[in-house]
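The values are calculated or read from the model by the stated rules, or taken from the named source; none is laboratory data. Treat the numbers as computed from the prediction; the structure is a model and nothing was measured. Here Cβ is always computed from backbone atoms with ideal geometry, including for glycine, and neighbour counts include all displayed protein chains.
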Amino acid sequence: MGRGKIVIRRIDNSTSRQVTFSKRRNGLLKKAKELAILCDAEVGVMIFSSTGKLYDFASSRLGMSCLHPSAEGLEFDER
């Protein structure tokens, strides 16, 4: 038997929200790394926390240099 569906909505409890963010962030970064390895693809991911902290992954040095300059000067909604 599989897992039940979860309702996607904002988590009200800030501690639970932070724990969920950390777990999902780590999972997303792991999937990005796996995609880059398995498919020999250039992959770049930028994640901003609710406090504005940046978490990123790039499959190559060239990709990393492309990620950070593009974040400069953007409004939060554009990210």
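If the Cβ limit is 6 Å and pairs must be 6+ apart or interchain, which residue in region 25-53 that is more than 26 Å from Ser14 (Cα to Cα) pairs with which residue that is assigned to a strand (DSSP E or B) and at pLDDT below 95?
If the second residue must be assigned to a strand (DSSP E or B) and at pLDDT below 95, the pairs left are Ala32/Val45; Ala32/Phe57; Gly44/Ala58.
Which of the residues belonging to region 24-44 are under 11 Å from Ser60 (Cβ atoms) and of a type in the set (A, V, I, L, M, F, W, C)?
Matches in region 24-44: Ala36, Ala41, Val43.
Which of the residues that make up region 12-34 are more than 14 Å from Ser49 (Cβ to Cβ) and among the aliphatic types (A, V, I, L, M)?
Ala32
Give just the number: which of (1) out of contact with any helix residue (DSSP H, G or I) (no Cβ under 8 Å at 6 or more places or on another chain); (2) modelled with pLDDT of 90 or more; (3) surrounded by 11 or more Cβ atoms within 10 Å (Cβ to Cβ); (4) not hydroxyl-bearing (Ser, Thr, Tyr) does Cys66 not satisfy?
Going through (1) out of contact with any helix residue (DSSP H, G or I) (no Cβ under 8 Å at 6 or more places or on another chain); (2) modelled with pLDDT of 90 or more; (3) surrounded by 11 or more Cβ atoms within 10 Å (Cβ to Cβ); (4) not hydroxyl-bearing (Ser, Thr, Tyr) one by one, Cys66 breaks only (2).
Would you please name the residue that is farthest from Phe48 (Cα to Cα), looking only at residues in region 1-11 that are surrounded by fewer than 10 Cβ atoms within 10 Å (Cβ to Cβ) and hydrophobic (A, V, I, L, M, F, W, C)?
Checked region 1-11; the qualifying residue farthest from Phe48 (Cα to Cα) is Met1.
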